[in-house]
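Student: After the structure tokens below, expect a handful of questions from me.
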Amino acid sequence: MGNQVEKLTHLSYKEVPTADPTGVDRDDGPRIGVSYIFSNDDEDTEPQPPPQGSEGGGAPDVEDGPQPPPPQPYDPRLHEVECSVFYRDECIYQKSFAPGSAALSTYTPENLLNKCNPGDLVEFVSQAQYPHWAVYVGNFQVVHLHRLEVSNSFLTDASQGRRGRVVNDLYRYKPLSPSAVVRNALAHVGAKERELSWRNSESFAAWCRYGKREFKIGGELRIGKQPYRLQIQLSAQRSHTLEFQSLEDLIMEKRRNDQIGRAAVLQELAMHLHPTEPDEGDSSTARTTPPSRHPREPGSEEEDRDVEPH
């Protein structure tokens with residue numbers, strides 16, 4: 001069985017241990033020593049079908065009816081969740097939409113090629129899909145974990161038509177040399193299914209660049225207090241924090257947030273958190289009351305086409 005990871009699957013924030021919304025970790029009570037994963041990271045869903053019309057085999061165009069609005073260009077500020085990741089008191093990841101930040105700008109695959117250097121991490125994004133990560137290895141090619149196999153593909157093929165960006169600066173770990181990153185990626189080309197040590201494309205690509213075992217399945221012991229915190233920015237002045245026992249579990253939840261989108265994440269939190277009025281004179285941070293915790297039953301596993309622990 002090896003490193004068998006037991007998971008509880010939750011569909012919302014209702015039963016998650018929470019921390020102070022200001023991000024301050026206060027030891028004011030016992031913590032629940034369980035790692036939570038909301039859903040299986042199935043980033044390999046089929047591409048969205050083309051819009052229905054006379055050429056797509058769908059319903060015929062209605063000449064007199066209202067025409068659907070044209071698709072809007074992908075805007076990270078509308079679809080993605082601004083967040084930070086902390087290991088104890090150290091910030092190890094940050095996605096920020098601060099003014100003047102161009103790191104999250106996206107490009108067509110053809111234009112992205114002009115911005116890539118060997119060893120770069122590349123992220124492909126699209127609305128309502130899991131982000132897909134890859135390692136650029138040169139010669140217009142990337143290595144990525146896709147459909148239970150590490151593959152070497154042309155960047156334009158790996159993108160599947162999605163826009164992309166270089167994301168070397170999201171994680172704050174010290175990177176390996178570009179040659180070592182490329183070597184790590186190429187060494188695993190062809191690995192599949194139970195030979196894999198990563199749950200998703202992000203964990204694989206990040207491991208190639210930083211070489212940290214925390215990105216691997218079972219790379220950390222899940223005992224004691226949760227040392228990882230995912231701080232979700234609700235607004236310019238409010239945030240909410242979730243706790244995890246491993247970076248692997250936290251990445252799964254962070255990716256789920258990107259897949260369902262910013263509006264759905266904020267709606268979930270609004271349903272299960274109860275804002276209270278800030279204390280007099282304290283306008284910088286709105287306070288939230290964590291939801292009550294109910295007894296949990298082992299969640300039934302959804303169909304999982306991503307990597308199974310082994």
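Student: In this model, which of K192/K216; K95/K115; K115/K254; K95/K216 are farther than 18 Å apart at the alpha-carbon? Working shown, then result.
Tutor: Details: K192/K216 15 Å; K95/K115 20 Å; K115/K254 26 Å; K95/K216 22 Å.
Pairs exceeding the cut-off: K95/K115; K115/K254; K95/K216.
Student: Just to verify a number: FRET efficiency for I223 and N152, C-beta to C-beta distance, R0 = 41 Å, to 0.05?
Tutor: Details: r = 38 Å, r/R0 = 0.92.
So, using R0 = 41 Å, E works out to roughly 0.60.
Student: Remind me, relative contact order of segment 76-273 in percent, using alpha carbon pairs under 8 angstrom and six or more residues apart? Mind dumping the intermediate values first?
Tutor: Working: 362 pairs, mean separation 50.0, N = 198.
That works out to 25 percent.
Student: While we're here: Considering the dipole of segment 76-273 built from charges on the beta carbon (Lys and Arg +1, Asp and Glu -1) around the Cα centre, which of A128, H146, L196 is farthest to its positive end?
Tutor: Of the candidates, L196 comes out farthest on the positive side.
Student: Here is a further query. Based on Cβ point charges of +1 for Lys and Arg and -1 for Asp and Glu, what charge dipole magnitude is obtained for segment 76-273 about its Cα centre, in debye rounded to the nearest 20? Don't skip to the end; give the middle numbers.
Tutor: Values: 26 positive and 21 negative charges, 35 e Å.
Computed charge dipole of segment 76-273: roughly 160 debye.
Student: For a test of the definition: using alpha carbon positions, the gyration tensor, and the 1.5 limit on a/c, classify segment 107-217 as rounded, prolate or oblate. Could you put the intermediate results ahead of the total?
Tutor: On the way: a/c = 1.41, a/b = 1.21, b/c = 1.17.
Rounded shape, in that the Cα axes give a/c under 1.5.
Student: On to the next question. Counting only heavy atoms of protein chains, what accessible area per residue, in Å², does segment 76-273 have with a probe of 1.4 Å? The partial results should precede the final answer.
Tutor: Values: 8220 Å² over 198 residues.
Here the residues of segment 76-273 average 41 Å² of exposed surface.
Student: Something else about it: Can you compute the modelled spin-label distance between S177 and E110, with each label point 7 Å from Cα toward Cβ, in nm?
Tutor: With each label point 7 Å from Cα toward Cβ, the separation is 3.6 nm.
Student: Right, here's the next one. Where the accessible area of segment 76-273 is counted over protein heavy atoms with a 1.4 Å probe, how much of it, in %, is carbon and sulfur?
Tutor: The value for segment 76-273 is 48 percent carbon and sulfur by accessible area.
Student: Output ³J(HN,Hα) for segment 142-150: one whole-Hz value per residue in order, computed from phi by the Karplus curve 6.51 cos²θ - 1.76 cosθ + 1.60 with θ = phi - 60°, and x for Gly and Pro.
Tutor: Result, rounded to whole Hz: 10, 10, 8, 8, 9, 6, 6, 8, 7.
The values are calculated or read from the model by the stated rules, or taken from the named source; none is laboratory data. This one's a predicted model, so the numbers in the text were calculated from it and none came from an experiment. For neighbour counting, all protein chains shown are included, and Cβ atoms are generated from backbone atoms with ideal geometry for every residue, glycine included. With ligands, DNA and RNA removed, areas are computed over all heavy atoms of the protein, side chains included. Shrake-Rupley method; radii C 1.70, N 1.55, O 1.52, S 1.80 Å.
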